[in-house]
Amino acid sequence: MESPRRLHLKTFILILIMVLAGPLGNVLLGKAMKQVGPVHPWPPAELLHVFIRVFTSGTIWLGIGSQLVFFAAYMIVLSWADYSYVQPASSIAYAVVALLASTWLGEVVPPLRWVGIAVICLGVFLVGHTHPSTTENG
């Protein structure tokens, strides 16, 4: 059985990877789709052109790769930590999303949204001070 300290460190590292890779992937996909432009499903020939633009975009592939890293880290951390710990702790990603959206996408994040993100981060801080696993095999 692994020591609680080692489990906590491994969990922290993978949640950090999740918190960085997930929002990075989302922002890259959002940036790429803004470059591709609006998707109109009709006429079908236009949809084919959109698919070609999407799947030849390097930014799309970076976003997909980042999302794959997020998903792998998520599955691994769930194998040894409680979901009730992982999900709230990874919610700090909301702050990363807002920072990336404001810096990379030029979005304006209103003050009230920042306050909401701060409340989420406070909750993450509280959850982070609990043990990642309460089950016997964690």
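A short reminder: the numbers here are calculations on the coordinates, not readings from a lab. Not measured: the values here are computed from a predicted model. Note: ideal-geometry Cβ built from the backbone for every residue, glycine included; neighbour counts use all protein chains shown.
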(message) In the chain, if the dipole is taken from +1 on Lys/Arg beta carbons and -1 on Asp/Glu beta carbons about the Cα centre, which of Gln87, Ile120, Phe55 is farthest to the positive end?
(response) Phe55
(message) Once you place label points 7 Å from the Cα toward the Cβ at His40 and Thr130, how far apart are they in nm?
(response) 5.1
(message) Show me, for region 14-29, the HN-Hα J-couplings you get by feeding each phi into the Karplus relation (A = 6.51, B = -1.76, C = 1.60, θ = phi - 60°), rounded to Hz, glycine and proline as x.
(response) 5, 5, 4, 4, 4, 5, 8, 6, x, x, 4, x, 4, 5, 4, 5
(request) Over the chain, calculate the relative contact order: mean separation of alpha carbon pairs under 8 Å at least 6 apart, over the residue count, as a percent. (result) 35
(request) Please give the FRET efficiency for Leu112 paired with His49, using the beta carbon to beta carbon distance and R0 = 35 Å, rounded to the nearest 0.05. (result) 0.30
(request) Apply the Karplus parameterisation 6.51 cos²θ - 1.76 cosθ + 1.60, with θ equal to phi minus 60°, to every residue of region 99-111 and state each ³J(HN,Hα) to the nearest whole Hz, in sequence, with x for glycine and proline. (result) 5, 5, 5, 6, 8, 8, 9, x, 6, 8, 9, x, x
